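Undergrad: So that we are looking at the same thing, I have put the structure below in structure tokens.
The values are calculated or read from the model by the stated rules, or taken from the named source; none is laboratory data. Since the model is a prediction, treat every value here as computed from it, not as a measurement. Neighbour counts are summed over all protein chains in view; Cβ atoms, including those assigned to glycine, are modelled from backbone coordinates with ideal geometry. Ligands, DNA and RNA are stripped out before the accessible areas are found, and what is left, the full protein with its side chains, is counted by its heavy atoms. Shrake-Rupley method; radii C 1.70, N 1.55, O 1.52, S 1.80 Å.
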Amino acid sequence: MTDAITTRPPATGQSGIAAQVAARLERARTTCTAIPPASDDLPGLDLATGYEVQRLHRAQAGPLVGWKLGVTSRAKQMQVGVHEPIRGFLATEHVLDIGEPLQTRQHIQPRCEPEIVLIMGSDLAGPHVSASDVLAATAAVAVGIEVLDSRYQDYRFTMPDVVADNASASRFVIGTPVPVAGIDLRLVGVVLEHRGEVFGTASGAASLGHPAAAVAWLVRSLALEGEGLRAGEIILSGGLTAAVPVGPGDVVVATIDRLGSLELACQ
Amino acid sequence: MPITDVPGKARALYDARQDRKPIEPFTDEDASLTMADAYAVQAELTRLLLADGDRIVGYKVGLTSKPMQRMVGVDTPDYGPVLGSTVYRNGDAVSLGAFIQPKIEAEIVFVLGERLRGPGVSVTDAHRAIAGIAASVEIVDSRFADWRIKLADTISDLASNGAVAVSSQLVPLAGLDTRLIGMTLSRNGELVDTGAGAAALGDPLAVVAWLANTLGEHGVALEPGHLVMTGALHAAVPMTAGDVFRADFDRLGPVTVRVVE
């Protein structure tokens, strides 16, 4: 799997940029301090270099537990002028257990969003994978809350910036998995509550028309790197409402019809 | 010449509806216009329309979402009558010529099975009085230029109601969590927006209770067969001739309208 990465070395200049950006982001994470977007003074930072930064970060992170998607809503894509989502990796350090509070002080500017989570039942790879292939390979689905935390000041970034920042991944918690059979993930209602009030609503279609279509894009994107999904991996299929900023004392509840409800307390 | 009296305002709106020509917002002339003034104009306008042979088949509730309330600067919904002449069926063609500046919104609609009269109506009372729930879209329209409306304007203008299209598939409420009914709105096959029932006052059932209690203050009851349009689950979308809009609701099914010149 890693062969594909090592046999495809980026140009020396790009590799230098990737290392530089990776170091800045690492410092931002460890010191919990936002930085200006890397693209401000490194205009050579492109999407491929952004993913190279992600690979450098991944090599330093704990064991891989899955993947996440970003920029999966059409509105968001039009807003930033792109027509594709982005992906990030999830490692053990990103996991919050059910009932475990979010320590907001370990974050720069945390935001929460509700997501449909797919848990893979079998390996899935290839450049032509479709949404129905994804559903066939899915063991179960669950409601999830993703905690985003951009390492860039005020969430101001270009697409290569945010890819380099692992798609703003920070923490995630998932509810009890349920079988996907018989559930139309496109139409399930989604409600995000914050401090006891409705903050946003959606249906599953908010992620690229269907969460499984978003995951199919992820698999095809990974195939370009010679990678794929493994059985047991957890996939956050994309934020379904706007993300709500959270601080100490906040409680966030994500409810998805047929999948259940999940609460996250912030300290 | 400012229109200050209730009959004059109602007549101005009546004429704007007939001529399809928008008028300047009442609040331009008189920013102190109250909600009570506005409901008086609405009642007078409704009387004029009923005198033409129309009838009230239900009510729409507007401003049921936080973002909409914030936009108008209020913390309460508003309501207006739904007139029989403006009800379309699933699949119908809707002519732009019937409106001034129409937009479409996907909404959950309830059909009353029993009389419901406030005050004191709880969500449980509302639940018991409802015969069923269905997929619907509301076509909102403003008789005021460029939708430049304040609360008193939209209330006077039948809460900016233009028309409704309702699915014929009436689904029983039992066992449904109306907060969690998911919805996708597409235009010509392309996803436009999504939402869920909770976007309407936290729960569409709470909208029915609010309406029954508010109408009760004026001595009006919801009658068996009345429609209650519970408010948009997403931001309103402008309509163009040739558009086919489809609002698909989980557990309720779809409702489609075709937009023609």
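Undergrad: If you find the alpha carbon centre of the stretch B:130-167 and of the stretch A:23-38, how far apart are they in angstrom?
TA: 49
Undergrad: If you don't mind, there's one more thing I want to ask. Only Lys, Arg, Asp and Glu count, each charged at its Cβ (+1, +1, -1, -1), so figure out the dipole size of the protein assembly as shown about its Cα centre, rounded to 20 debye. Provide the component values of the computation, followed by the final result.
TA: Values: 43 positive and 61 negative charges, 96 e Å.
For this selection, approximately 460 debye.
Undergrad: Let me ask something additional. Rounded to the nearest 20 Debye, what is the dipole magnitude of the stretch B:6-260 about its Cα centre when Lys and Arg each give +1 and Asp and Glu each give -1 at the C-beta?
TA: On the way: 23 positive and 31 negative charges, 78 e Å.
Here the size comes out at about 380 debye.
Undergrad: Taking only complete DSSP H runs, can you tell me which helices of chain B stretch 15 Å or more along their own long axis by Cα positions and average at least -0.5 on the Kyte-Doolittle scale?
TA: Working: long enough: B:6-19 (20 Å, -0.95); B:35-51 (24 Å, 0.78); B:204-217 (20 Å, 1.04).
Flagged H segments are B:35-51, B:204-217.
Undergrad: Can you bin the stretch A:105-260 into rounded, prolate or oblate? Criterion: square roots of the alpha carbon gyration tensor eigenvalues sorted a ≥ b ≥ c, rounded for a/c under 1.5, prolate for a/b above b/c, oblate for the rest.
TA: Numbers: a/c = 2.03, a/b = 1.25, b/c = 1.63.
Oblate shape, in that a/c is at least 1.5 and b/c is the bigger or equal ratio.
Undergrad: Please label the shape of chain B as rounded, prolate or oblate, based on the square roots a ≥ b ≥ c of the eigenvalues of the alpha-carbon gyration tensor (a/c under 1.5 means rounded; beyond that, a/b larger than b/c means prolate, else oblate). Could the numbers behind the result be given before it?
TA: Details: a/c = 1.63, a/b = 1.21, b/c = 1.35.
It comes out oblate by the Cα gyration axes.
Undergrad: For a quick check of your reading of the filter: which trypsin sites (Lys or Arg not before Pro) in the stretch B:1-107 sit in a DSSP loop and have no more than 12 other Cβ atoms within 10 Å?
TA: Values: sites: B:9, B:11, B:17, B:20, B:47, B:55, B:60, B:70, B:89, B:103; in loops: B:20, B:55.
Taking the stretch B:1-107 and a limit of 12 other Cβ atoms within 10 Å, the loop trypsin sites (Lys or Arg not before Pro) found are B:55.
Undergrad: Shifting gears a bit: Which one of A:95, A:16, A:205 has its Cα pushed farthest toward the positive end of the charge dipole of the stretch A:13-265, where Lys and Arg give +1 and Asp and Glu give -1 at the Cβ?
TA: With unit charges placed on the Cβ atoms, the residue in question is A:16.
Undergrad: How large is the accessible surface of residue A:225 in square angstrom, using a 1.4 angstrom probe and rounding to the nearest 10?
TA: Answer for residue A:225: close to 20 Å² accessible.
Undergrad: When each pair of different Cα atoms in the protein assembly as shown is counted once in the 1/r mean, what is the Kirkwood radius in angstroms, to one decimal? Show your work: numbers first, answer last.
TA: Values: mean 1/r = 0.0402 Å⁻¹.
Computed over the protein assembly as shown, the radius equals 24.9 Å.
Undergrad: How many nm separate the modelled label positions at residue A:231 and residue B:169, each set 7 Å beyond the Cα in the direction of the Cβ?
TA: Reported label-point gap for residue A:231 and residue B:169 is 3.7 nm.
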